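Report on the structure given below.
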Amino acid sequence: MKCPHCTIFFHDSWIEDTFQRHGHNLVPDRINQDLYWYYRTAYCPECQRVIIEVARKRNRNSDPEWEIIVPKGATRGPAPPEVPVDIVRDYLEACDVLPISAKASAALARRCLQAMLRSAGYRAKDLAKEVDLLLNEPDPKKALTHQLRETVDAIRNFGNFSAHPIDDKTTIQVIEVEPHEAEWCLDVIEELFQHFYVGPAKAKAKKDALNAKLTAAGKPLAK
């Protein structure tokens, strides 16, 4: 499994037990008498932190949907250090609320997307039109890759994206989305982190290193 704390994969070994016991018998849920609350824990050897999940089951052999309670939040990697703090703040909050509310997570992801677009110079009346500007970028150095272009274009269909624009008067809106759509929004945000911030930063670092060598050799700088 992938650790929700550090995102490193490890071989999980769960320890399972029930929350309530009365002598040697399980105490059932008072509302649903045939259901019992169970919990299980796993230990990540990489970051040395504990993962805790809970579920309601009819017996130990039933196959329930486990819900993670520690840590609380989506299993996402940390934002790259090149990303501006205000954008990281919205991104992390969108990750944290995803297990609780897909709508709230998608709304924060949309605001995060708009902040990135506007900081890159794509400004229009609303977010849908700003995405159009990004998709129609004429400069090949700034244009999206084909794969990322298709992903960004597809995300506008989530929650009737274009019918609920975020404009100068509305910074955030909560619209209906499916949980997998909200998670895909976060995937797109992370890919755009690479496009807008990580990639350019790496390219600049390489060029600066090359120019330092050229300067030391008394040669003209790279254009």
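The values are calculated or read from the model by the stated rules, or taken from the named source; none is laboratory data. For clarity, every value in this text was computed on a predicted model and none was experimentally measured. Here the Cβ is made from the backbone with ideal geometry for all residues, glycine too, and neighbour counts use every protein chain on show. For the accessible areas, the whole protein counts, side chains as well, though only heavy atoms, and no ligand, DNA or RNA atoms are used. Shrake-Rupley method; radii C 1.70, N 1.55, O 1.52, S 1.80 Å.
Please work out which one of (1) open to solvent by 70 Å² or more (accessible area, probe 1.4 Å); (2) in contact with a Pro (Cβ under 9 Å, 6 or more places away or on another chain) is the condition Ala102 fails and give its number.
Answer for Ala102: the failing condition is (1).
Of all residues in segment 91-125, how many are of a type in the set (D, E, K, R) and at pLDDT 90 or above? Spell out how you get there, then give the answer.
As a first pass, look at segment 91-125 and keep what is of a type in the set (D, E, K, R): 93, 96, 103, 110-111, 118, 123, 125.
Those left that are additionally at pLDDT 90 or above: 118, 123.
Total satisfying the criteria: 2.
For segment 171-207, give me the residue count where each residue is exposed (fewer than 12 other Cβ atoms within 10 Å of the Cβ) and either modelled with pLDDT under 80 or acidic (Asp, Glu) (or both). So that I can check it myself, show each step before the final result.
Within segment 171-207, the subset exposed (fewer than 12 other Cβ atoms within 10 Å of the Cβ) is 180, 203-206.
Those still in the list that are either modelled with pLDDT under 80 or acidic (Asp, Glu) (or both) too: 180.
Of the residues in that region, 1 qualify.
Using the structure shown, decide if Leu133 is modelled with pLDDT of 85 or more, open to solvent by 60 Å² or more (accessible area, probe 1.4 Å) and either under 26 Å from Arg76 (Cα atoms) or not charged (D, E, K, R) (or both).
Numbers: modelled with pLDDT of 85 or more: yes; open to solvent by 60 Å² or more (accessible area, probe 1.4 Å): yes; either under 26 Å from Arg76 (Cα atoms) or not charged (D, E, K, R) (or both): yes.
Here the answer is yes, as Leu133 does meet what is asked.
Inside segment 186-204, can you point out the residues that are among the polar types (S, T, N, Q) and touching a Leu at 6+ places or on another chain (Cβ under 6 Å)? Talk me through it step by step, then tell me what you get.
First, pick out the residues of segment 186-204 that are among the polar types (S, T, N, Q): 194.
Scanning segment 186-204 gives no hits.
Just one of the numbered conditions (1) buried (at least 16 other Cβ atoms within 10 Å of the Cβ); (2) modelled with pLDDT under 75; (3) part of a helix (DSSP H, G or I) is not true of Ser162; which one?
Condition not satisfied by Ser162: (1).
Looking at (1) out of contact with any strand residue (DSSP E or B) (no Cβ under 7 Å at 6 or more places or on another chain); (2) at pLDDT below 75, which is the only condition Cys6 fails?
Looking at each condition in turn, Cys6 falls short on (2).
Condition first: open to solvent by less than 30 Å² (accessible area, probe 1.4 Å), polar (S, T, N, Q) and at pLDDT below 90. Can you find one or more residues in segment 73-80 that meet it?
no
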